[in-house]
Amino acid sequence: MANSKYEYVKTEFEPDFETKLLPSTYIVIRIDGHQFSEEQEFDKPNDPRALMSLMNACAVAMFEEFKDIVFAYGFGDEYSFVFTRTSKFYQRRASKILSTLVSFFSSLYVTKWNLFFSQKDLRCTPFFVGQIMYFPWDETLRCYLAKRQDDCHNSNQYNTCLWELVKSGKTKTEAQDILKGTRTQCRNELLFKQFDINYNTVPMMFRKGSSVFRDKLKVVVKNRENGDPVVRLRKKVIVEHCDIIGESFWREHPSLIASEDLNLLRNVHSSNVYECMKNETEVKNKLLPYTWIVVRIDGRHFHQFSDMHDFDKPNDSKALGLMNACVVALLEKFKDVIFAYGVSDEYSFVFSKTSQFQQRQGSNIVSMIVSFFSSLYVLNWDEFFPHKELRSTPSFDGRAICYPSTKILRDYLAWRQVDCHINNQYNTCFWMLVKSGKTKREAQSILKGTQTPDKNDLLYKQFGIDYNTLPAMFRKGSFIFRDKVEEIVQHRENGCGHIQKVQMKVIIEHCDIIGESFWKENPHLITCDN
């Protein structure tokens, strides 16, 4: 990061939000779809393409990307991913792990959509909300998973009854009234007597959910000269629909979790154990009231991503345009985001001091923002790169930081813009030297220890470039916010003049946000308390 007088905001405010999870505990990331299944009009009560195919395909791909995931369980639009106890993934930093997994899953979901719904367009931007938990013992982890499978059964049985009643002519409200207060046996009888459905014959995937894990399978690696196959045991990611509440599954797969405390809490019902442990295992991070909330997201492995997709160096205007388009759509979706500032593959989203978005739960806020942004990035790719295939899954990590005063918030934004200038000026010099024939190492050596005037001289004298005339988007970054804009909504019938309407629009500016001028022109964006 660049050194500046504003960098104190990082050292004084960000470390407090780097929650690290306890060592030698299982980490569980649970993601839940956020209200998009209704808009997509999936088949009711279960859509096998959405459940078995799309969600499970994404879960399998998660195992291929994140080697520390040892087990996953999912049903509906929910999935829980279990990391091994010994995982050092991202040094066990809670926000980094949570945001990365939610982001990657969201991108996978959009990327794989057409494989399973080739005839159905995405009607909305799918996104997920995530939470992070840790479990100190094998038994408490198993209790959590048992509770999820119990919820799978209850919700699926209820929904099966509900939609059978609706299909028979009842309104949704009438069906809900009929089912109010009913239990398992009552619902089973309703399904059998009224619809001739034996609930126990409903596909296991719907009743039991999906378990995903690695297992050793026999694989033919080659054939001998006589044609006989050579078989070896290889670890493969598999999906099973089975009971994970009892002992049978875990005894058949002892390598998934350790067994040294298998008898711990044995005589206590799993659901009760989980409820007792819930407050201790969920990572709580409610953000301070009456503080500015900033959610900053960064591209994950974007150096490799940009190389793989041949982005122009030092700046690719299409790639920046894609980032900005995603931010505009995000501000249109989330009204609690007042404005955003970004550069390269980074963006900061600012929530007001009084915002009660997601009850100021940090994990919810970060996961929703990074998930929505990731989905948008994939959805909008073809618009900006119509002739360039998306060859890898883009993802972002994020964090939420609180700033107590407007002055400190502005210093944060100034820090990011100073960083933008220093990094862009360096990269402009670096890539001009490389394009002129220097190796990367030679270019780095030439630029080592140089200051702003030195780099300006180098660009002008060697390449005829006046740095200050380069596009402001590269030098200043992008500031995106809502503002009142006058629009012509219709012309008068007599042809004289027109009718104008003032509307709030999301606009993009590439300007100085360090000085006073911008803030005086836009006093509605932040208050003046210090």
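With the condition kept exactly as written, say whether any residue in the stretch 64-80 is under 15 Å from Gly130 (Cβ atoms), aliphatic (A, V, I, L, M) and outside any strand (DSSP E or B). So far as the stretch 64-80 goes, no, none of its residues is under 15 Å from Gly130 (Cβ atoms), aliphatic (A, V, I, L, M) and outside any strand (DSSP E or B). Got at least one residue in the stretch 491-502 being modelled with pLDDT under 95, more than 30 Å from Tyr6 (Cβ to Cβ) and within 35 Å of the chain's Cα centre (by Cα)? Checked the stretch 491-502: at least one residue is modelled with pLDDT under 95, more than 30 Å from Tyr6 (Cβ to Cβ) and within 35 Å of the chain's Cα centre (by Cα). What are the pairs with Cβ atoms under 7 angstrom where one residue, in the stretch 188-201, is closer than 17 Å to Lys170 by Cβ and the other, located anywhere, is part of a helix (DSSP H, G or I) and open to solvent by less than 40 Å² (accessible area, probe 1.4 Å)? Sequence gap at least six, or different chains. Correct list of pairs: Leu190/Cys161; Leu191/Thr160; Leu191/Cys161; Leu191/Tyr199; Ile197/Leu191.
The sole residue among Arg399, Arg410 that is among the basic types (Lys, Arg) and not in a strand (DSSP E or B) is Arg410.
Just the residues that are under 26 Å from Asp138 (Cα atoms) and either open to solvent by 20 Å² or more (accessible area, probe 1.4 Å) or within 19 Å of the chain's Cα centre (by Cα) (or both), please, taken from the stretch 19-44. Those that are under 26 Å from Asp138 (Cα atoms) and either open to solvent by 20 Å² or more (accessible area, probe 1.4 Å) or within 19 Å of the chain's Cα centre (by Cα) (or both): Thr19, Lys20, Leu22, Pro23, Ser24, Ile27, Val28, Ile29, Arg30, Ile31, Asp32. Considering (1) outside the structural domain of Asp345 (by the TED database); (2) at pLDDT 95 or above; (3) more than 25 Å from Gly342 (Cα to Cα); (4) of a type in the set (Val, Ile, Thr), the lone condition that Val506 does not fulfil carries the number (3). Contact annotation: residue pairs with Cβ atoms under 6 Å, 6 or more positions apart or on different chains, pairing a residue in the stretch 36-61 that is closer than 18 Å to Ser155 by Cβ with a partner that is among the aliphatic types (A, V, I, L, M), are Phe42/Ala50; Met52/Met205; Asn56/Val239. The condition (being aliphatic (A, V, I, L, M) and either at pLDDT 95 or above or crowded, with 19+ Cβ neighbours inside 10 Å (or both)) is satisfied by just one residue among Leu191, Leu122, Leu115: Leu191. Looking across the stretch 387-417 at every residue that is touching a residue at least 24 places away in the same chain (Cβ under 8 Å) and either assigned by the TED database to the domain that holds Glu64 or among the charged types (D, E, K, R) (or both), the one that is surrounded by the fewest Cβ atoms within 10 Å (Cβ to Cβ) is identified as Arg391.
Is there a residue being touching a Cys at 6+ places or on another chain (Cβ under 7 Å) and touching a residue at least 24 places away in the same chain (Cβ under 8 Å) anywhere in the stretch 353-369? Scanning the stretch 353-369 turns up no residue that is touching a Cys at 6+ places or on another chain (Cβ under 7 Å) and touching a residue at least 24 places away in the same chain (Cβ under 8 Å). On the stretch given as the stretch 292-322, residues that are touching a residue at least 60 places away in the same chain (Cβ under 8 Å) and touching a helix residue (DSSP H, G or I) at 6+ places or on another chain (Cβ under 9 Å) total 18. Only one entry of Asp68, Asp43, Asp47 meets the criterion of being among the acidic types (Asp, Glu) and touching a Phe, Trp or Tyr at 6+ places or on another chain (Cβ under 8 Å), and that entry is Asp68. Being open to solvent by 60 Å² or more (accessible area, probe 1.4 Å), hydroxyl-bearing (Ser, Thr, Tyr), farther than 30 Å from His421 by Cα and over 20 Å from the mean Cα position of the chain (by Cα) is true of Thr86. Of the helices (runs of 4 or more DSSP H) entirely within the stretch 131-224, those holding at least 3 residues that are under 30 Å from Val283 (Cα atoms) occupy 138-167, 204-208.
List pairs: first in the stretch 103-129 and under 14 Å from Met55 (Cβ atoms), second assigned to a strand (DSSP E or B) and open to solvent by less than 30 Å² (accessible area, probe 1.4 Å), Cβ under 7 Å, 6+ apart or cross-chain? From the stretch 103-129, the pairs are Phe105/Ile31; Phe105/Phe128; Ser106/Phe128; Pro126/Gly33; Phe128/Ile31; Phe128/Gly33.
All conditions in (1) among the polar types (S, T, N, Q); (2) crowded, with 23+ Cβ neighbours inside 10 Å; (3) out of contact with any strand residue (DSSP E or B) (no Cβ under 7 Å at 6 or more places or on another chain) hold for Ser374, with the sole exception of (3). Among the residues of this structure, Ala59 does not count as one that is in a strand (DSSP E or B) and either under 14 Å from the mean Cα position of the chain (by Cα) or surrounded by 20 or more Cβ atoms within 10 Å (Cβ to Cβ) (or both).
Checking every residue in the stretch 430-448 against the condition of being in contact with a helix residue (DSSP H, G or I) (Cβ under 8 Å, 6 or more places away or on another chain), part of a loop (DSSP other than H, G, I, E, B) and either under 20 Å from Ala319 (Cα atoms) or open to solvent by less than 10 Å² (accessible area, probe 1.4 Å) (or both) gives zero matches. With respect to the stated conditions, Thr281 fails to be farther than 24 Å from Phe396 by Cα, buried (at least 16 other Cβ atoms within 10 Å of the Cβ) and at pLDDT 95 or above. Selection of the stretch 346-363 for residues being surrounded by 20 or more Cβ atoms within 10 Å (Cβ to Cβ) and under 23 Å from Thr111 (Cα atoms) yields only Tyr347. Of everything in the stretch 157-177, what is more than 37 Å from the chain's Cα centre (by Cα) and surrounded by 15 or more Cβ atoms within 10 Å (Cβ to Cβ)? Give them in sequence order. Scanning the stretch 157-177 gives a single hit, Lys170.
The values are calculated or read from the model by the stated rules, or taken from the named source; none is laboratory data. As the structure is a prediction and not an experimental result, all values here were calculated from the model. With ideal geometry, Cβ positions are generated from the backbone for all residues, glycine too; neighbour counts draw on all protein chains shown. Side chains are part of the model used for accessible areas, which takes the heavy atoms of the whole protein and leaves out ligands, DNA and RNA. Shrake-Rupley method; radii C 1.70, N 1.55, O 1.52, S 1.80 Å.
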